[in-house]
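*Asks:* Have a look at this one.
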Amino acid sequence: MKLLLKSAKIVDPASSHHGKTVDILIENGRISKIGNDLEANYDRKIDIPNLHVSQGWFDSSVSFGEPGFEDRETITNGLDTAAKSGFTAVALNPNSFPVLDHSSGIFSVKSKAAGHAVKLYPVGALSLKSEGIDLAELLDMQDAGAVSFGDYKSPVSNPNLLKIALQYAQNFNALVQSFPLEKKIAGNGIVNEHHTSTSLGLKGIPNLAEELQIARDLYILEYTGGKLHIPTISTAKAAELISEAKQKGLDVSCSVAVHQLLLDDQELKEFDANFKVLPPLRTSEDRQALVEAVKNGSIDMVTSDHDPIDVEHKKVEFDNAMFGTIGLESAFGALSTVLETEKVIEMLTSGKDRFGIPSEPIAENAKADLSLFVPGEEYVFGREHIYSTSKNSIFLNKTLKGKVIGIITENSYQINE
């Protein structure tokens, strides 16, 4: 298969072609030529005004449901959704049924994703059944293909378990994740503890629940060494604590969900369960601080935190609705409303190195791993933009910016018509 990209602007600081508008010829999954006014035989030409191309995007926190919750999302449709949304690689959370806490589960999800244009990298559960009691078989899962270990949306309540995990994981250079929530502080809270929660009569989760857990985890990391990733932070103080830990030399990284950069707890006034996420939407001040933390590098990566929830568990009373929102389809458009294009691409690719995902600059003879997009144009995100089986999007009817054209990888390609 030969693909010819015409007049594509390359956004890749690691490439010698960064910032240049060129033609790119891709043959059999590799970039064969980069230049101006290329004349070549091709099977398909992609000639779109203002076309941009970058290294393939990676999402560090994606849930699909399969196995066990196929009514929410299957692996196949989830990967199709990722491709249409511009992602060439995703890290799959272990929150399936059964939980991905053994090598057999890791093998199973990888086999179901084999041959797809989007590469699936499983995250193994840190503890058996993600119950936070006994450590899972981390080394066996890594040998089977797991790229990290963490219990999705479930904090490591036992500090000794995290200590042992960090010490043990150093033997095979594994990345440990710890969800930032102190359950005893959070209690039965479901939204941010603030004026809005009080006025709506909803139980709140204070910032302290997140920050206290992060402070604890960082103390443990300082004691044990190892590599720690703190997913989806939501407060200004959380970003500050992690930044200070980095300055001390601790090997820690963090991510933020894209909706935390655009939305705050004022969205809750209509009791729309699509806005019920964990961690909860915080204040406008926290939101602005998180945007600044992304810009100054305190936050390492942005994730969609894609979490499909079926209608039976979302279209119910707010108190009873499950936490979670889909986000792959809206990630680029949402992020582009608060960041410049080059920073958007950085945030959608920077997690690769941390999770051990292979990457290489856009250059001749390199493997094709490309995301194609057109920045700039605003649109209202509607149900017609959703590819997921579940429709629980936090960005429905929100104005987003930029259009995803598709992806090209060594296995295949997806171009949105």
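*Asks:* Would you mind listing the strands (runs of 3 or more DSSP E) fully within the stretch 310-417 where at least 2 residues are within 21 Å of the chain's Cα centre (by Cα) and hydrophobic (A, V, I, L, M, F, W, C)? Give the steps one after another, and end with the answer.
*Replies:* On the way: elements: 369-380, 399-409, 413-415.
So the answer is 369-380, 399-409.
*Asks:* Just give me the residues in the stretch 239-251 being open to solvent by 10 Å² or more (accessible area, probe 1.4 Å) and under 17 Å from Thr224 (Cβ atoms), in sequence order.
*Replies:* Lys246, Lys248, Gly249, Leu250, Asp251
*Asks:* Any idea which of (1) in contact (Cβ under 8 Å) with a residue 24 or more places away in the chain; (2) touching a Ser or Thr at 6+ places or on another chain (Cβ under 9 Å) is the one Lys203 doesn't satisfy?
*Replies:* Every listed condition holds for Lys203 apart from (1).
*Asks:* Asn411 versus (1) open to solvent by less than 20 Å² (accessible area, probe 1.4 Å); (2) closer than 20 Å to Thr88 by Cα: which is the lone unmet condition?
*Replies:* Going through (1) open to solvent by less than 20 Å² (accessible area, probe 1.4 Å); (2) closer than 20 Å to Thr88 by Cα one by one, Asn411 breaks only (1).
*Asks:* Let me ask something else. State which residue is farthest from Ser390 (Cα to Cα) when the search covers only the stretch 296-321 and only residues that are among the hydrophobic types (A, V, I, L, M, F, W, C) and crowded, with 17+ Cβ neighbours inside 10 Å. Spell out how you get there, then give the answer.
*Replies:* Within the stretch 296-321, the first condition is being among the hydrophobic types (A, V, I, L, M, F, W, C), and the residues that meet it are 299, 301-302, 309, 311, 316, 318, 321.
From the residues that got through so far, the ones that are crowded, with 17+ Cβ neighbours inside 10 Å too are 299, 301-302, 309, 321.
Working: Ile299: 29, Met301: 25, Val302: 22, Ile309: 6, Ala321: 14 Å.
So, considering only residues that are among the hydrophobic types (A, V, I, L, M, F, W, C) and crowded, with 17+ Cβ neighbours inside 10 Å, the one farthest from Ser390 (Cα to Cα) is Ile299.
*Asks:* For the stretch 142-184, which residues satisfy the criterion of being among the aromatic types (Phe, Trp, Tyr) and farther than 30 Å from Asn207 by Cβ? It would help to see each step written out before you state the result.
*Replies:* Keep residues of the stretch 142-184 that are among the aromatic types (Phe, Trp, Tyr), which gives 149, 152, 168, 172, 179.
Answer for the stretch 142-184, where residues must be among the aromatic types (Phe, Trp, Tyr) and farther than 30 Å from Asn207 by Cβ: Tyr168, Phe172.
*Asks:* Pick out the one residue from Asn188, Asn207 that is over 21 Å from the mean Cα position of the chain (by Cα), among the polar types (S, T, N, Q) and surrounded by fewer than 17 Cβ atoms within 10 Å (Cβ to Cβ). Write out each step before concluding.
*Replies:* Numbers: Asn207 fails: surrounded by fewer than 17 Cβ atoms within 10 Å (Cβ to Cβ).
Being over 21 Å from the mean Cα position of the chain (by Cα), among the polar types (S, T, N, Q) and surrounded by fewer than 17 Cβ atoms within 10 Å (Cβ to Cβ) holds for just one of Asn188, Asn207, which is Asn188.
*Asks:* Next question. Given (1) buried (at least 22 other Cβ atoms within 10 Å of the Cβ); (2) of a type outside the set (S, T, N, Q); (3) under 19 Å from Ser393 (Cα atoms), identify the lone condition not met by Pro231.
*Replies:* For Pro231, the failing item is (3).
*Asks:* Being open to solvent by less than 30 Å² (accessible area, probe 1.4 Å), part of a helix (DSSP H, G or I) and small (Gly, Ala, Ser) is the filter; apply it to the stretch 75-124 and report the residue that is nearest to Ile407 (Cα to Cα). Can you show your working first?
*Replies:* Filtering the stretch 75-124 for residues open to solvent by less than 30 Å² (accessible area, probe 1.4 Å) gives 75, 78-79, 81-83, 85-94, 96, 100-101, 105-106, 109, 113, 117-118, 120, 122-124.
Right, trim to part of a helix (DSSP H, G or I) and you get 75, 78-79, 81-83, 105-106, 109, 113.
Filter once more, keeping what is small (Gly, Ala, Ser): 78, 82-83, 105, 113.
Numbers: Gly78: 15, Ala82: 9, Ala83: 6, Gly105: 28, Ala113: 16 Å.
That would be Ala83.
*Asks:* Within the bounds of the stretch 282-295, is there any residue that is touching a residue at least 24 places away in the same chain (Cβ under 8 Å), out of contact with any Leu (no Cβ under 9 Å at 6 or more places or on another chain), over 27 Å from Gly201 (Cα atoms) and open to solvent by less than 20 Å² (accessible area, probe 1.4 Å)? Can you show your working first?
*Replies:* From the stretch 282-295, those touching a residue at least 24 places away in the same chain (Cβ under 8 Å) are 282-283, 285-287, 289-291, 293-295; that's our starting set.
With out of contact with any Leu (no Cβ under 9 Å at 6 or more places or on another chain) added as a condition, the list becomes 283, 285-286, 289, 293.
Okay, now just the ones that are also over 27 Å from Gly201 (Cα atoms), so 293.
Next, only the ones that are open to solvent by less than 20 Å² (accessible area, probe 1.4 Å) stay: 293.
Within the stretch 282-295 (the criterion being touching a residue at least 24 places away in the same chain (Cβ under 8 Å), out of contact with any Leu (no Cβ under 9 Å at 6 or more places or on another chain), over 27 Å from Gly201 (Cα atoms) and open to solvent by less than 20 Å² (accessible area, probe 1.4 Å)), the answer is yes, since at least one residue qualifies.
*Asks:* Okay, next question. With the stretch 205-301 as the region, which helices (runs of 4 or more DSSP H) entirely inside it contain at least 2 residues that are of a type in the set (Phe, Trp, Tyr) and farther than 20 Å from Ser63 by Cβ? Spell out how you get there, then give the answer.
*Replies:* Working: elements: 207-224, 236-247, 284-295.
Filter on the stretch 205-301 gives 207-224.
*Asks:* Within the stretch 352-370, is even one residue of a type in the set (S, T, N, Q) and buried (at least 22 other Cβ atoms within 10 Å of the Cβ)? Steps first, please.
*Replies:* Of the stretch 352-370, the ones of a type in the set (S, T, N, Q) are 359, 365.
Retained after the next criterion (residues that are buried (at least 22 other Cβ atoms within 10 Å of the Cβ)): none.
So far as the stretch 352-370 goes, no, none of its residues is of a type in the set (S, T, N, Q) and buried (at least 22 other Cβ atoms within 10 Å of the Cβ).
*Asks:* So for the stretch 371-394 (the condition being at pLDDT below 95 and out of contact with any His (no Cβ under 6 Å at 6 or more places or on another chain)), does at least one residue qualify?
*Replies:* For the stretch 371-394, residues at pLDDT below 95 and out of contact with any His (no Cβ under 6 Å at 6 or more places or on another chain): present.
Let's see how each residue does on (1) closer than 16 Å to Ser178 by Cα; (2) not small (Gly, Ala, Ser):
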{"site": "Phe87", "(1), (2)": "no, yes"}
{"site": "Ser96", "(1), (2)": "no, no"}
{"site": "Ser103", "(1), (2)": "no, no"}
{"site": "Gly115", "(1), (2)": "no, no"}
{"site": "Ile133", "(1), (2)": "yes, yes"}
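*Asks:* If you don't mind, another one. Between Lys84, Lys112, which is over 20 Å from Lys153 (Cα atoms), at pLDDT 95 or above, touching a helix residue (DSSP H, G or I) at 6+ places or on another chain (Cβ under 7 Å) and of a type in the set (Lys, Arg)?
*Replies:* Details: Lys84 fails: touching a helix residue (DSSP H, G or I) at 6+ places or on another chain (Cβ under 7 Å).
It is Lys112.
*Asks:* With the checklist (1) open to solvent by 30 Å² or more (accessible area, probe 1.4 Å); (2) touching a strand residue (DSSP E or B) at 6+ places or on another chain (Cβ under 6 Å) in hand, flag the one item Gly68 doesn't pass.
*Replies:* Among (1) open to solvent by 30 Å² or more (accessible area, probe 1.4 Å); (2) touching a strand residue (DSSP E or B) at 6+ places or on another chain (Cβ under 6 Å), the lone unmet condition for Gly68 is (2).
*Asks:* OK, next. How many of the residues making up the stretch 218-240 are of a type in the set (Asp, Glu) and either more than 27 Å from Leu262 (Cα to Cα) or modelled with pLDDT under 95 (or both)?
*Replies:* 1
*Asks:* Count, please, the residues in the stretch 371-389 that happen to be over 14 Å from Thr341 (Cα atoms) and surrounded by 15 or more Cβ atoms within 10 Å (Cβ to Cβ).
*Replies:* Of the residues in that region, 6 qualify.
The values are calculated or read from the model by the stated rules, or taken from the named source; none is laboratory data. Here the structure is a predicted model, which is why all the values come from computation and not from measurement. Positions of Cβ are generated from backbone atoms using ideal geometry, with glycine treated the same way; all protein chains shown enter the neighbour counts. Note: areas computed on protein heavy atoms with side chains; ligands, DNA, RNA excluded. Shrake-Rupley method; radii C 1.70, N 1.55, O 1.52, S 1.80 Å.
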